[in-house]
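**Q** First, the structure itself, so that you have it in front of you.
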Ligand SMILES: Cc1ncc(C[n+]2csc(CCOP(=O)(O)OP(=O)(O)O)c2C)c(N)n1
């Protein structure tokens, strides 16, 4: 990491020397992290090289978080990939960076202000029109002829790999770690491609070693094995973890229509369908997607669909159909900023109330918003179990930030992720129709699958009687509403209680949900370093609303702060609805970008100072 | 819905299927208007199931929403009454989950050729092994008689008092053009012919369109039983793949409309071609302990 340990969060000169020394020597120290960002046009291989850099970090034993930002187009535009490597677990991106790898000038223009003093820019001066005289004098510009070096190993396309080698040298990283990472990135590609990339990386590496031998300012070196096992960790996105959860959860049928940020799921399942025996369907539109999935669920398989707000809008009518026919279904709604097409490749938590209220009528549903990789995996397994047990739709609310950012995480334990199926319907010789929607037996009666003798019933979108025949009688309607909505009471007992993380009796108490958990978690750590005691309650199972836990938290809070990635504070309004408490401090962001921990820290410092 | 009054004449009473081994009726007696063509479709469908020796539990009927869809409560099989226009994707999902089932779809023309026409086109391309029975009455029955997409140009109703401006949807031509393997039409008033057509459709391995000229006694005073009798003629035998253009020519004829199986082709059904279904129905897959650990290596 940085050789000269620095205090990121308060770099003002007001820190006296003694403070500085304390920070340098202070053991667990936030300066034990390094922030690297690469930028260029779409098509320059930004994402692949970002992932390789992250893999190099995990190979060295660091925790990583990485995040890609890209516009909705295939060539051109401005793309970046940021990796935070840390000796302690890291859950969010950073506002400030140590090293910027610029494959074009736009990267420098846009991001040079984000560098820490003494930060570095790695660029190709021969290809640049940037006048260094006009640039920041407190950052170092490392000129590496990416294009010239790349020319020897296959041309322009290789400049990303050259730049990676160059930065590995600036970090004094053992080149073998980079080779390991390249091997993973190019797994399945020919030996020739791997070799070319390794040579290209090496050329950048050696160039920097030769040209800047006195100036290798950072360190990213192999961590002692006992202190970190990240090389054995999984390196995955929320989408990946959710997909693994779905596979483990017994999903057999998956249907989708491509839409960022969930398209990766369709591709993943399609690729793995033969190996796991899945049926995967890219249907004609999202209306077909959800109706197909309901057909498959009705016939007895576990099905899942995924989309974003636009596709979910088309699915809304059939969401109610799932509820009315009491057909299980797991829906992943990966949010992105709306309305309409909005910002297709960016992030927001703008669909909470939409997911909660979508479709006409009153009916029960579960909504879960995973906030980390473990939750993406384990709560997806739970989603399948609950959908089938209660015969209701379960909505998994993610967003671009959690769906597409990579984290390192320990391998998931399968024992803790068991498939639990309700008792199977037992066939009988009866020719009579079966009262599947019984008003007399338990809230959920056994669901026969078509093909089973003695189980004939109707799954009916019209209000119906116990067999499912259309029925408009007031008494039956009332009883059927009670049957469906009565499930809500049982739901609550199923769900894990949210837990407060951070210091007990803290000065600052943050409420958040879903993907803001990462930035808030890291912010709490920074606040602790600043001697501001803080804790947070992150809500994962959003609905049924965990009233008791939230009420206890808000009523005992000192400085209650809401952190939400939307304009109106949708979760805050639910908190008020359920607890009567209006949250005094609201930190809302709706620029299409997730919070940086630093932003949260700044806001909380303000609150604490002015309170 | 104009079904409050008791049906006066019942074209297809319960006894229509007497003699068959199965009783396809439920305890709910149909609510259609007296003289509605839906009675005929109901009778013919049950007849076809009987003729094929089907058992109620091995049949799933997926219904759209309309007077046609109201058949949901009247036939004793597994059933799924979906949303208006969305019966086909539900049926496709059922077939993908369990391809052993006989899956039949019952829809209206507003349902199938209006709001749900997108699904129709894709179902045709896919050639799922489904039988698609469309009650084509040129009106929206259940919403009390507005014009449907198959109404002939100039047709007047409450929603088009000055007459329809657009050309009607031509389901048979659309089906042939989109890769259908079984394209047929019959009439609700001709129960034996309709039963035979549905039976052939169910037997056909692939997507079978059975477009039914269905008179709406209450809201369509133009396309009456008499009108269909005068404007339809029976086909001798279906055209095959070699004569596809001839079949298309017939489908495009106006003024007089062919009735019978217009086009027939043998081609593997979608569900036959899905690799995973070759091992057996998806619903039989063991999901109790799916081992995902080998995948972990993909995420390093
Ligand atoms: C999304 C939606 N829009 C409108 C309706 C109202 N609606 C019910 S049935 C129907 C039309 C029925 O006409 P058709 O499909 O021709 O069937 P028919 O009643 O003539 O058998 C409409 C528009 C609905 N149920 N759902």
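The values are calculated or read from the model by the stated rules, or taken from the named source; none is laboratory data. As the structure is a prediction and not an experimental result, all values here were calculated from the model. FYI the Cβ positions are ideal-geometry reconstructions off the backbone, even for glycines, and counts take in every protein chain you see.
**Q** Within the range A:122-139, does at least one residue satisfy the condition of being in contact (Cβ under 8 Å) with a residue 40 or more places away in the chain, within 30 Å of the chain's Cα centre (by Cα) and either surrounded by fewer than 16 Cβ atoms within 10 Å (Cβ to Cβ) or assigned to a helix (DSSP H, G or I) (or both)?
**A** No, there is no match, as no residue in the range A:122-139 is in contact (Cβ under 8 Å) with a residue 40 or more places away in the chain, within 30 Å of the chain's Cα centre (by Cα) and either surrounded by fewer than 16 Cβ atoms within 10 Å (Cβ to Cβ) or assigned to a helix (DSSP H, G or I) (or both).
**Q** Go through the range B:42-57 and give me each residue that's out of contact with any strand residue (DSSP E or B) (no Cβ under 6 Å at 6 or more places or on another chain), assigned to a helix (DSSP H, G or I) and in contact (Cβ under 8 Å) with a residue 24 or more places away in the chain.
**A** B:42, B:43, B:44, B:45, B:46, B:47, B:48, B:49, B:51, B:56
**Q** Here's another thing I want to ask about it. Considering only the range B:50-65, state which residues are crowded, with 24+ Cβ neighbours inside 10 Å and more than 16 Å from the ligand (Cβ to nearest atom).
**A** B:59, B:60
**Q** Read through the list (1) within 16 Å of the ligand (Cβ to nearest atom); (2) surrounded by 20 or more Cβ atoms within 10 Å (Cβ to Cβ); (3) more than 14 Å from chain B (Cβ to nearest Cβ), then give the number of the only condition that residue A:313 fails.
**A** (2)
**Q** Which one of these is more than 30 Å from residue A:143 (Cβ to Cβ), out of contact with any strand residue (DSSP E or B) (no Cβ under 9 Å at 6 or more places or on another chain) and surrounded by 21 or more Cβ atoms within 10 Å (Cβ to Cβ): A:229, A:247?
**A** The unique qualifying residue is A:247.
**Q** Being within 9 Å of chain A (Cβ to nearest Cβ) and in contact (Cβ under 8 Å) with a residue 60 or more places away in the chain narrows it down to one of B:70, B:76, so name that one.
**A** Residue meeting the stated conditions: B:70.
**Q** Could you please find all residues in the range B:68-88 being within 14 Å of the ligand (Cβ to nearest atom) and either in contact with a strand residue (DSSP E or B) (Cβ under 7 Å, 6 or more places away or on another chain) or part of a helix (DSSP H, G or I) (or both)?
**A** B:68, B:69, B:70, B:71, B:72, B:74, B:81, B:82, B:87, B:88
**Q** For the range B:146-165, enumerate the residues that are part of a loop (DSSP other than H, G, I, E, B) and either within 20 Å of the chain's Cα centre (by Cα) or away from the ligand (no atom under 16 Å from the Cβ) (or both).
**A** If the condition is that a residue be part of a loop (DSSP other than H, G, I, E, B) and either within 20 Å of the chain's Cα centre (by Cα) or away from the ligand (no atom under 16 Å from the Cβ) (or both), then B:148, B:149, B:150, B:151, B:153, B:154, B:156, B:161, B:162, B:163, B:165 are the ones that fit.
**Q** Among the residues of the range B:92-141, write down those that are in contact with a helix residue (DSSP H, G or I) (Cβ under 7 Å, 6 or more places away or on another chain), away from the ligand (no atom under 13 Å from the Cβ) and in a loop (DSSP other than H, G, I, E, B).
**A** Answer for the range B:92-141, where residues must be in contact with a helix residue (DSSP H, G or I) (Cβ under 7 Å, 6 or more places away or on another chain), away from the ligand (no atom under 13 Å from the Cβ) and in a loop (DSSP other than H, G, I, E, B): B:98, B:99, B:101, B:127, B:128, B:129, B:130.
**Q** Still on this structure, please answer the following. Looking only at the range B:259-283, count how many residues are in a loop (DSSP other than H, G, I, E, B) and either surrounded by 20 or more Cβ atoms within 10 Å (Cβ to Cβ) or more than 7 Å from chain A (Cβ to nearest Cβ) (or both).
**A** So the count comes out to 7.
**Q** Have a look at A:83, A:112 and point out the one that is surrounded by 24 or more Cβ atoms within 10 Å (Cβ to Cβ) and in the same structural domain as residue A:168 (by TED's automatic domain parsing).
**A** A:83 is the lone residue from the list that is surrounded by 24 or more Cβ atoms within 10 Å (Cβ to Cβ) and in the same structural domain as residue A:168 (by TED's automatic domain parsing).
**Q** Can you tell me which residue in the range A:284-310 is surrounded by the most Cβ atoms within 10 Å (Cβ to Cβ), limited to those that are under 24 Å from residue B:270 (Cα atoms) and more than 7 Å from chain B (Cβ to nearest Cβ)?
**A** A:290
**Q** Let me ask another. Show me the strands (runs of 3 or more DSSP E) entirely contained within the range A:232-335 in which 2 or more residues are closer than 22 Å to residue A:418 by Cα and touching a residue at least 40 places away in the same chain (Cβ under 8 Å).
**A** The qualifying strands (runs of 3 or more DSSP E) are A:234-237, A:251-256, A:302-307, A:329-335.
**Q** Taking the condition surrounded by fewer than 21 Cβ atoms within 10 Å (Cβ to Cβ), out of contact with any strand residue (DSSP E or B) (no Cβ under 7 Å at 6 or more places or on another chain) and not assigned by TED's automatic domain parsing to the domain that holds residue A:92, does residue A:344 pass?
**A** Spelling it out, residue A:344 is indeed surrounded by fewer than 21 Cβ atoms within 10 Å (Cβ to Cβ), out of contact with any strand residue (DSSP E or B) (no Cβ under 7 Å at 6 or more places or on another chain) and not assigned by TED's automatic domain parsing to the domain that holds residue A:92.
**Q** Okay, next question. Among the residues of the range A:502-509, is there at least one that is crowded, with 21+ Cβ neighbours inside 10 Å and in contact with a strand residue (DSSP E or B) (Cβ under 9 Å, 6 or more places away or on another chain)?
**A** Taking every residue of the range A:502-509 in turn, at least one turns out to be crowded, with 21+ Cβ neighbours inside 10 Å and in contact with a strand residue (DSSP E or B) (Cβ under 9 Å, 6 or more places away or on another chain).
**Q** I would also like to ask the following. Any idea which of A:268, A:253, A:276 is modelled with pLDDT of 95 or more, farther than 23 Å from residue A:388 by Cα and within 11 Å of chain B (Cβ to nearest Cβ)?
**A** Step by step, each of A:268, A:253, A:276 is checked, and only A:268 is modelled with pLDDT of 95 or more, farther than 23 Å from residue A:388 by Cα and within 11 Å of chain B (Cβ to nearest Cβ).
**Q** Something else about it: Only one residue in A:470, A:429, A:438 is more than 10 Å from chain B (Cβ to nearest Cβ), under 23 Å from residue B:23 (Cα atoms) and without any contact (Cβ under 8 Å) to a residue 60 or more places away in the chain, so which one is that?
**A** So the residue among A:470, A:429, A:438 that is more than 10 Å from chain B (Cβ to nearest Cβ), under 23 Å from residue B:23 (Cα atoms) and without any contact (Cβ under 8 Å) to a residue 60 or more places away in the chain is A:429.
**Q** Given the options B:291, B:286, name the one that is closer than 30 Å to residue A:48 by Cα, out of contact with any strand residue (DSSP E or B) (no Cβ under 7 Å at 6 or more places or on another chain) and surrounded by fewer than 12 Cβ atoms within 10 Å (Cβ to Cβ).
**A** B:291
**Q** Among the candidates B:176, B:202, single out the residue that is away from the ligand (no atom under 11 Å from the Cβ) and under 25 Å from residue B:81 (Cβ atoms).
**A** Checking each option against the conditions leaves just B:202.
**Q** If you check residue B:87 against the conditions, is it within 12 Å of the chain's Cα centre (by Cα), within 29 Å of residue A:447 (Cα to Cα), at the interface with chain A (Cβ under 9 Å from one of its Cβ atoms) and buried (at least 19 other Cβ atoms within 10 Å of the Cβ)?
**A** When the stated conditions are applied, residue B:87 passes them.
**Q** Another one. Looking only at the range A:168-199, how many residues end up being at pLDDT 95 or above and in contact with a strand residue (DSSP E or B) (Cβ under 7 Å, 6 or more places away or on another chain)?
**A** 0
**Q** When residues of the range B:187-199 are filtered for being over 10 Å from residue B:259 (Cβ atoms), part of a helix (DSSP H, G or I) and touching a strand residue (DSSP E or B) at 6+ places or on another chain (Cβ under 6 Å), how many remain?
**A** 1
**Q** Given the condition more than 24 Å from the chain's Cα centre (by Cα) and buried (at least 19 other Cβ atoms within 10 Å of the Cβ), answer yes or no: does some residue in the range A:559-580 qualify?
**A** Checked the range A:559-580: at least one residue is more than 24 Å from the chain's Cα centre (by Cα) and buried (at least 19 other Cβ atoms within 10 Å of the Cβ).
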